[in-house]
Amino acid sequence: MYKKIYTLLGLGLLAFANSALAQQQVNYQLSFPNAVHHEAQISATFSGITSDTLAVLMSRSSPGRYALHEFAKNVYSVQATDAQGKKLPISRTSPHQWNVTGHKGTVTINYTLFGDHTDGTYAGIDETHAHLNMPATLMHAKGFEKAPARVTFNLPQGKNWKIATQLKPESGTTYSAPDFQYLMDSPTELSNFELAEWTINEKNKTKTIQVALHHQGTKAQFEEYVAKTKNIVAEQRAVFGELPNYDFGRYTFIACYMPQANGDGMEHRNSTIVTGSRTLASAMGPLLNTVSHEYFHAWNVERIRPKSLEPFNFQEANMSEALWLAEGFTSYYGDLIMTRSGIYDQKKYAADLAGDLNYVLLSPGRKYHSLMEMSLQAPFVDAARSVDPVNRHNTFISYYTYGLVTGLTLDLTLRRDYNTTLDNYMQALWRKYGKPEKPYTLPDLQQTLAEVTKDAAFAERFFKENIYGSHLPDLAPLLAQAGLELRKSDPGKAAIGPVSVEYGKEGATLTSGTVVGTALYEAGLDRQDVLLTLDGQKLRSAKDLKKILSKHKPGDSIPVTFKRLGETRTATLKLDEVPTLEVVLFEATGKQVTPEMQAFRKAWLGPKAS
């Protein structure tokens with residue numbers, strides 16, 4: 001009897017809780033009466049509150065970012081009222097949390113937001129636009145994670161502003177999100193942007209692609225940008241064989257290329273934000289390269305998603321061991337698609353690849369961390385800021401570029417040894433984890449590689465050496481398959497090592513730390529040391545340094561005098577060889593490009609879209 005009564009009571013409480021959750025709703029109103037001074041006036045109404053105290057928060061992190069950003073620092077004039085407009089008491093319990101009591105089920109929070117940083121992470125508000133990343137813009141409340149939200153944008157009169165967002169259109173300037181996670185993942189641009197769209201039909205589904213571009217260029221430049229974006233979409237679709245099923249049937253490229261914008265790109269589930277201060281006239285290719293990178297994320301990371309990022313925590317730094325694939329392989333394809341789509345030629349691809357290889361192969365960072373461990377460094381490096389100097393130039397290699405090079409080596413190895421490609425590997429991940437939206441683990445990635453190659457031993461070795469370790473194979477023979485030569489750019493030339501230098505009347509001040517293994521490092525020189533003379537000659541310009549080094553060869557030992565903390569010291573430098581690499585097409589070096597190389601290059605770098 002008691003057990004039966006307890007069960008019925010439990011069911012009743014559960015039904016009550018579900019009913020209360022069903023009645024929960026969040027409504028936002030955003031206005032911009034003081035846009036000239038970068039302010040927005042925002043109200044957030046939370047109804048159906050089930051606790052005595054409503055805890056209201058500003059996010060500390062943002063989707064696609066892995067570090068803390070403390071968005072609460074740009075919020076002020078916070079007030080709370082109940083459903084009748086009566087002012088309610090607020091206590092601030094942390095830098096990012098406000099507690100409200102006495103509400104009787106409904107609370108409206110009014111606050112001012114300051115936003116003057118237009119990029120993919122923050123908010124940028126001025127007379128030309130309101131560029132809003134939602135974690136940097138909207139307060140939210142504990143217990144409302146599953147509640148639907150409606151957002152009304154009160155557009156300023158006389159501005160001709162329109163709305164670009166992945167939020168679901170409702171009526172007029174009101175949009176909605178099914179829950180908190182989707183709301184926070186929905187950046188929005190309010191401006192007088194140009195808009196283009198096209199549709200793609202797949203399996204009886206119509207998918208709309210939009211380009212909303214806020215810029216100061218010409219109509220012809222906009223049309224060129226759209227046409228090339230179409231090519232990017234087509235080539236990336238060819239990698240996976242299909243587009244994702246976008247929520248609400250729509251994907252939006254939200255681009256802002258204005259003088260006040262900062263260079264950035266940020267992926268979202270059904271949209272991407274790309275920003276920059278450069279114009280289409282001056283930087284069409286680089287801007288589209290960011291478009292290519294971010295759009296690949298519609299598959300890789302938004303749907304082929306590591307379990308370690310599920311669900312995204314907006315109050316903590318988010319860390320994942322798989323960013324080498326989520327970001328690194330995306331970087332590889334971002335560049336590759338630029339060539340497959342014809343926006344970049346093969347010579348440009350080779351030159352850009354050389355820059356990536358120089359960074360990864362010449363850095364000492366692999367002595368300190370594996371590729372997986374580099375991914376775990378993201379909370380310290382992903383737009384994170386600190387005032388104390390760090391030794392990252394020696395200990396860290398970006399998982400973007402390191403992952404890119406790893407993707408390159410895997411792709412070329414698969415093509416050489418297994419008659420398959422990285423495209424096929426990504427397709428397999430899409431079928432197993434992307435389409436069903438099943439988060440993966442690193443063992444899942446290894447197992448899928450074993451299935452694609454039909455070689456479990458290779459997959460195990462690759463992950464042990466390249467992912468959990470720091471091994472990279474010799475890239476020269478891999479690239480030679482496609483008629484690309486990897487070689488030193490300045491063999492036989494002497495160098496003191498990579499370092500940032502500021503020249504002055506006294507000498508050359510080292511403004512960055514020296515790199516492990518280089519001449520300067522081995523001689524004991526470091527940041528803020530002032531090089532007075534080298535080989536007895538004064539150092540007051542880059543020309544002086546070049547002239548001195550031209551008289552020597554790698555391996556020569558020469559004296560150096562330098563000042564540290566006001567004291568003059570001496571040391572001996574054993575000169576390095578300039579280590580820089582270049583990647584050049586065989587035909588540019590006079591080497592023969594065989595039919596086999598031509599076929600390999602076409603299969604790798606040639607277009608795939610029909």
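The values are calculated or read from the model by the stated rules, or taken from the named source; none is laboratory data. These figures come from a predicted structure and were not determined experimentally. Note that we place each Cβ from the backbone using ideal geometry, even for glycine, and neighbour counts take in every protein chain shown.
Only one of 99, 160, 133, 154 is surrounded by fewer than 16 Cβ atoms within 10 Å (Cβ to Cβ), touching a Ser or Thr at 6+ places or on another chain (Cβ under 8 Å), at pLDDT 95 or above and not small (Gly, Ala, Ser). Can you tell me which?
Going through 99, 160, 133, 154 in turn, the sole match is 154.
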Looking at segment 312-419, what helices (runs of 4 or more DSSP H) fall wholly within it and have at least 1 residues that are in contact (Cβ under 8 Å) with a residue 24 or more places away in the chain and more than 30 Å from residue 183 (Cα to Cα)?
330-340, 346-361, 371-375, 392-395, 399-417
Just checking, does segment 196-218 include any residue being assigned to a strand (DSSP E or B), at pLDDT 95 or above, touching a Lys or Arg at 6+ places or on another chain (Cβ under 6 Å) and polar (S, T, N, Q)?
yes
I'd like to check something: does segment 94-108 contain any residue that is in contact (Cβ under 8 Å) with a residue 24 or more places away in the chain, of a type in the set (Gly, Ala, Ser), under 20 Å from residue 40 (Cβ atoms) and outside any strand (DSSP E or B)?
no
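Mind checking which residues of segment 73-92 are under 23 Å from residue 316 (Cβ atoms), surrounded by fewer than 17 Cβ atoms within 10 Å (Cβ to Cβ) and under 32 Å from the mean Cα position of the chain (by Cα)?
If the condition is that a residue be under 23 Å from residue 316 (Cβ atoms), surrounded by fewer than 17 Cβ atoms within 10 Å (Cβ to Cβ) and under 32 Å from the mean Cα position of the chain (by Cα), then 73 is the only one that fits.
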Which of (1) crowded, with 18+ Cβ neighbours inside 10 Å; (2) touching an Asp or Glu at 6+ places or on another chain (Cβ under 7 Å) does residue 560 not meet, given it meets every other one?
(2)
Does at least one position in segment 517-533 carry a residue that is part of a strand (DSSP E or B), loosely packed, with under 13 Cβ neighbours inside 10 Å and either modelled with pLDDT under 95 or not polar (S, T, N, Q) (or both)?
no
For residues in segment 481-515 being free of Cβ contacts under 8 Å to residues at least 40 places away in the same chain and of a type in the set (A, V, I, L, M, F, W, C), which is surrounded by the fewest Cβ atoms within 10 Å (Cβ to Cβ)?
510
Checking the structure you have, find out if any residue of segment 315-330 is closer than 22 Å to residue 230 by Cβ, crowded, with 23+ Cβ neighbours inside 10 Å and either basic (Lys, Arg) or outside the structural domain of residue 469 (by TED's automatic domain parsing) (or both).
no
Regarding residue 126, is this residue touching a helix residue (DSSP H, G or I) at 6+ places or on another chain (Cβ under 7 Å), closer than 17 Å to residue 30 by Cα and surrounded by fewer than 23 Cβ atoms within 10 Å (Cβ to Cβ)?
yes
Within segment 541-559, restricting attention to residues that are small (Gly, Ala, Ser), over 16 Å from residue 572 (Cα atoms) and in a loop (DSSP other than H, G, I, E, B), which residue is farthest from the chain's Cα centre (by Cα)?
550
Name the pairs: first residue in segment 439-450 and farther than 8 Å from residue 307 by Cβ, second residue part of a helix (DSSP H, G or I) and charged (D, E, K, R), Cβ to Cβ under 8 Å, at least 6 apart or on different chains?
444/432; 446/460; 448/432; 450/460
Check on residue 44, under 25 Å from residue 117 (Cα atoms) and in contact with a His (Cβ under 7 Å, 6 or more places away or on another chain)
no
Within segment 116-192, considering only strands (runs of 3 or more DSSP E) that don't extend past its boundaries, which have at least 2 residues that are more than 24 Å from residue 291 (Cβ to Cβ)?
149-154, 168-171, 174-177
